[in-house]
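Following: one structure in structure tokens, then a few remarks.
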Amino acid sequence: MVQLALRSCFLRPSRLSLRFFSPNMRPLTLDAVNPQLLEVQYAVRGELAIKAELYRDQLKKGDSLPFDKVISSNIGNPQQKGLDQPAITFTRQVAALTEWPALADLAPGVFPADVVARARELYAEIGSIGAYSHSQGVPLIRQSVAKFIEERDGFPAHPDDIFLTAGASAGVSLLINMLITDPTSGILIPIPQYPLYTATLAQHHGRPIPYLLDESSGWSTSIESITAALAAARKDGTVPKALVIINPGNPTGALLDAATMEALVRLCEEHSLVLLADEVYQNNLHAPAAHPFTSFKKVVSQLRSPVPLVSFHSISKGVSGECGRRGGYFELANVPADVRALVYKLVSVGLCPPLAGQIGVDSMVRPPRAGEPSYALWKKETDTIHAALRERTHVMATRLSALPGVSCVESPGALYLFPKIELSAKAVEAARAAGKEPDAFYALALLDETGICVVPGSGFGQKEGEWHYRLTCLCPGVEEYVGKLERFHLGFVKKYE
Ligand SMILES: Cc1ncc(COP(=O)(O)O)c(C=O)c1O
């Protein structure tokens, strides 16, 4: 044993001091870390995604696999390698000039005048983006966000109520952390849900209070389902603190109608719940003229409701798709000054959100306007992105629904489909024998055979005894891609019939 330790010490000198001089030191083991962290699960980057990465490495090394590429349909990451959503030129030009202001003079005539003017305006406010900013976010950018909200909703918004964040995730995590006062605190979460919510609740030792969305009516949200969940939770000793609504939904893409939104606000009033409105897909609608997005801020303002509301938005989705820049914001409404000051104290511990993300937020809420030099290209690029998503969603939903044992709600928004799959008793048995949930078994077989990586429905939650998977509608070559899904499904059904 000593021999072995000595040998490895010579090989790796940094271990020498540890092994030699602290022989009694206890190693770091999982039972020495916060036990809540062991409860955290995040299927979007779970077993399937890890296996997909291994396959990708194997393909890079030249190994022979049944497919020649891995297709990442597991995550709404529009600019990911292998997908075809380009960055918006205006956004990247402003980013380039705020990164390196000298570029405008070094490359005269390259950048449109409105880009140069925007970058100069931001530079005058921020200075170098290598410096920390105001913890709540650059004041000028918060003003732009407030203006964007006012124009969207027709009601006042104030920069002091806006907190810029490193993506919506950072804001959600902060709010859940604040609202969980003890392990009986619960938060109403839609099922299926985006697993950020259950993961964050697990981390902060809170309880999810699941309420079911109704697939048979286009994944609608019902007040009855939420009141039933509230009653069950109270019986269980859970204290409901907040209601999470994801609108448009993830993984469902469903869009709430005005009557449901009003009823949800009234329900929050009745049960003293904070309303957490996750609206990161507000600009991902496939038929916005017929089914426009309405924010909860607008509904709460129209109703003059006192419900405390936190609305989240992000640069990761929409047409911006800038996931890696980590930018977003949340707006507080009906939140008293002392609670807002507490939020400020907490964000100030993290110093500030990334400046690149904050500048991304500015470009999202202040895109070029008609008549400005960048407008025509911006319009062309954003129209193309919307059209591709609409077309892919339609083709995929139609063809998947035509498969035996598959039904798929054609989502009106967001980036995903969540088809339901009927699995035979033989397939369920094979899954159990392999120690897998049946939908995970199906998804693993899909990955092994086609290289397509999706997320099993069990990662989002679903009705007992039902199986789904979530896939994104971002992949190019939709004909070839859906063809692979179809062939796999028919083969799987035959194998386990
Ligand atoms: C519903 C929902 N909320 C929040 C997020 C987090 O986004 P980000 O932290 O990248 O802004 C996502 C990401 O997929 C999402 O789908």
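Exactly one residue out of Val138, Val145 is in contact with a Phe, Trp or Tyr (Cβ under 8 Å, 6 or more places away or on another chain) and buried (at least 22 other Cβ atoms within 10 Å of the Cβ): that is Val145. Which of the numbered conditions does Ser411 fail, given that it passes all the others? Conditions: (1) touching an Asp or Glu at 6+ places or on another chain (Cβ under 7 Å); (2) within 16 Å of the ligand (Cβ to nearest atom); (3) part of a loop (DSSP other than H, G, I, E, B). Just one mismatch for Ser411, condition (1). Take the conditions (1) open to solvent by 10 Å² or more (accessible area, probe 1.4 Å); (2) part of a helix (DSSP H, G or I); Gly465 misses just one of them, which is (2).
When the helices (runs of 4 or more DSSP H) confined to region 5-102 are screened for residues that are modelled with pLDDT under 80, those reaching at least 2 such residues are found at 13-21.
Determine whether Thr393 is β-branched (Val, Ile, Thr) and in contact with a Cys (Cβ under 7 Å, 6 or more places away or on another chain).
Answer is yes for this residue.
Val115 meets all of the listed conditions (1) surrounded by fewer than 24 Cβ atoms within 10 Å (Cβ to Cβ); (2) away from the ligand (no atom under 16 Å from the Cβ) but one, namely (1).
In the set (1) loosely packed, with under 15 Cβ neighbours inside 10 Å; (2) farther than 25 Å from Ile176 by Cβ; (3) within 15 Å of the ligand (Cβ to nearest atom), the condition left unmet by Gly350 is number (2).
Taking the residues in region 87-102 that are without any contact (Cβ under 8 Å) to a residue 24 or more places away in the chain and surrounded by fewer than 17 Cβ atoms within 10 Å (Cβ to Cβ) as candidates, determine which candidate is nearest to the chain's Cα centre (by Cα). Restricting to residues being without any contact (Cβ under 8 Å) to a residue 24 or more places away in the chain and surrounded by fewer than 17 Cβ atoms within 10 Å (Cβ to Cβ), the top hit is Arg92.
Among the residues of region 421-444, is any in contact (Cβ under 8 Å) with a residue 24 or more places away in the chain, in the same structural domain as Ser458 (by TED's automatic domain parsing) and within 25 Å of Asn284 (Cα to Cα)? The answer is no; no qualifying residue exists. Considering region 61-76, the residues that are of a type in the set (D, E, K, R) and in contact (Cβ under 8 Å) with a residue 60 or more places away in the chain include one that is farthest from Val454 (Cα to Cα), namely Asp68.
Mind checking whether some residue in region 328-337 is part of a helix (DSSP H, G or I), more than 15 Å from the ligand (Cβ to nearest atom) and open to solvent by 40 Å² or more (accessible area, probe 1.4 Å)? Yes, some residue in region 328-337 is part of a helix (DSSP H, G or I), more than 15 Å from the ligand (Cβ to nearest atom) and open to solvent by 40 Å² or more (accessible area, probe 1.4 Å). Checked against the criterion of being in contact with a Ser or Thr (Cβ under 8 Å, 6 or more places away or on another chain) and more than 16 Å from the ligand (Cβ to nearest atom), the candidates Pro456, Pro476, Pro419, Pro438 yield just one match: Pro419.
Checking each residue in region 260-315 for being touching a helix residue (DSSP H, G or I) at 6+ places or on another chain (Cβ under 8 Å), among the polar types (S, T, N, Q), within 16 Å of the ligand (Cβ to nearest atom) and at pLDDT 95 or above picks out Ser295, Ser311, Ser314.
Might you check whether a residue that is touching a Ser or Thr at 6+ places or on another chain (Cβ under 7 Å) and either within 16 Å of the ligand (Cβ to nearest atom) or over 19 Å from Val335 (Cα atoms) (or both) occurs anywhere in region 129-139?
Yes, region 129-139 has at least one match.
Listed here are the helices (runs of 4 or more DSSP H) enclosed by region 157-254 that have at least 2 residues being crowded, with 19+ Cβ neighbours inside 10 Å and within 16 Å of the ligand (Cβ to nearest atom): 167-179, 196-203.
Per the conditions (1) farther than 28 Å from Asn247 by Cβ; (2) touching a residue at least 40 places away in the same chain (Cβ under 8 Å), the sole criterion not satisfied by Gly371 is (2). Applying a threshold of 7 Å to beta carbon distances and a minimum spacing of six or more residues, or different chains, the list of pairs starting in region 180-209 at a residue that is not assigned by TED's automatic domain parsing to the domain that holds Thr238 and ending at one that is among the β-branched types (Val, Ile, Thr) is empty.
The values are calculated or read from the model by the stated rules, or taken from the named source; none is laboratory data. Nothing here was measured: the structure is a model prediction, and the numbers come from that model. Ideal geometry is used to build each Cβ from the backbone, glycine not excepted, and the neighbour counts take in all protein chains shown. These accessible areas exclude ligands, DNA and RNA; they are computed on the full protein's heavy atoms, side chains included. Shrake-Rupley method; radii C 1.70, N 1.55, O 1.52, S 1.80 Å.
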